[in-house]
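Here is the structure we will look at, set down as structure tokens.
The values are calculated or read from the model by the stated rules, or taken from the named source; none is laboratory data. Fair warning: this is a prediction, and the values are worked out from it, not measured in the lab. All Cβ positions, even for glycine, are placed from backbone atoms using ideal geometry, and neighbour counts span all protein chains on display. Accessible surface areas use protein heavy atoms only, side chains included; no ligands, DNA or RNA. Shrake-Rupley method; radii C 1.70, N 1.55, O 1.52, S 1.80 Å.
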Amino acid sequence: MTTTYAVLSEGLEKRFGAVSALHRLDLAVREGTVCGLLGPNGAGKSTAVRLLATLLRPDAGSARIAGHDVVRDPAAVRRSIGVTGQYASVDGDLTGRENLRLFARLLRVRRPDDRAAELLGRFGLTEAADRKAATYSGGMRRRLDLAASLVRRPTVLFLDEPTTGLDPAGRNGIWEAVRELTAEGTTVLLTTQYLEEADQLADDIALIDRGRVARTGSPAELKALIGWYAQAVVADRDTLPKAAAVLDRLTGREPQFDHDRHTVGAVTTDPTLTLPRLVRELDAAGVLLLDASLSPPSLDDVFLRLTGSPA
């Protein structure tokens, strides 16, 4: 079965004077999925989005969006995409309805009033439709901004840190909208600094570090590279060496002790090590347990381990 990519870049490079913002960026995003570009400020995420959305011209390399070359056929790329940047692009002096109607007319969408009403309903903005956008909360403005980027039903949607500055309720609203879009077949390229956001939404993640892709994979695959943390809390501190010997044998890693808390733990990449097995092995060794756990790493751990930089 042939995989079709909605976003495909090879060797993309971009320099601003002496600064290399992107260095041979290779990226492949499958149709109908969410790909998270994850990295700290200055890693090159926003520059990559601007190149792929034809807002910048690459200095080297190539990229295709929905089958269209970003340099040779930028007009076709623009017809295929929607873009929501870090800051809302809607006009605060216009109402929500007027903003969407304006976008629909500029994009020559048929029946712009109907399309505006449809999007207002979809994003829970019908009651506020005839209020000026300047009176909207941050979450409402972001939802309106996302609605504006969907006026022409894009094949590929670029979301550049769409939930920056939002409270948890506003962030959850954007997350739900993204899930609905991908369920309908839209491909989403999401740049974010929020590790939880990438974990919640992304089918695949590209870790961006210093203008290049340091590692790609699903959240689960990237976490598996780091391993899980097996830990035992014992009733008697004198049995910590016994528990450590069990963990050493099961994980092949040097255990770490916290004598004050009566705990010992070690990292494991063995997929066959389960919590029931861990408990059975400790029990068989005569260790009286108060608690045991097998915890996955966070994407913070993944980014730090794989790139050497804090996310």
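Its residue count N sets the reference 2.2 N^0.38 Å, and the alpha-carbon radius of gyration of the chain equals 1.23 times that reference. Pick from Phe103, Phe123, Phe257: which is most flexible by mean-square fluctuation in a GNM of the chain where alpha carbon atoms under 10 Å apart are linked? Comparing Phe103, Phe123, Phe257 in a Gaussian network model of the chain, the most mobile one is Phe257.
For the chain, the solvent-accessible area with a 1.4 angstrom probe is 50 square angstrom per residue.
Here the Kirkwood formula puts the hydrodynamic radius of the stretch 179-219 at 11.2 Å, using every distinct Cα pair.
Placing a label point 7 Å from the Cα of Asp248 along the Cα-to-Cβ direction, the residues of the stretch 264-295 whose backbone N falls under 15 Å of that point are 264-267.
The percentage of C-alpha pairs in the stretch 163-311 whose separation is greater than 19 Å is 61%.
Based on DSSP H segments of at least four residues, each scored -39500 (n - 2.57), the chain has a per-residue ellipticity at 222 nm of -10500 deg cm²/dmol. In this simple spin-label approximation, Leu290 and Glu176 carry label points 7 Å from Cα along the Cα→Cβ vector, and these lie 4.1 nm apart. The convex hull defined by the C-alpha atoms of the stretch 74-127 has an orientation-averaged projected area of 4.5 nm².
Give me the mean projected area, in nm² to one decimal, of the convex hull enclosing the Cα positions of the stretch 240-311. Value for the stretch 240-311: 5.5 nm². At full extension, Arg261 and Val233 could sit 9.3 nm farther apart than now, given 0.36 nm per residue minus the alpha carbon distance.
Measure nothing but the geometry: give the 0 to 90° angle between the long axis through the Cα atoms of 168-183 and the longest principal axis through the Cα atoms of the chain, rounded to 10°. It is inclined by approximately 80 degrees.
For the chain, which whole percent of the accessible surface, found with a 1.4 angstrom probe, sits on carbon and sulfur atoms? About 48 percent, which is the carbon plus sulfur part of the accessible surface.
Taking Arg141, Arg122, Arg24 as the candidate residues, the one with maximal mean-square fluctuation in a Gaussian network model of the chain, Cα springs under 10 Å, is Arg122. Label-to-label distance for Thr4 and Ser218 is 2.2 nm, based on points extended 7 Å past Cα in the beta-carbon direction.
For a test of the definition: using alpha carbon positions, the gyration tensor, and the 1.5 limit on a/c, classify the stretch 224-266 as rounded, prolate or oblate. It is prolate, given that a/c is not under 1.5 and a/b is the larger ratio. Which whole-number percentage describes the relative contact order of the chain, with Cα contacts under 8 Å and a sequence gap of 6 or more? About 19 percent, as a whole number.
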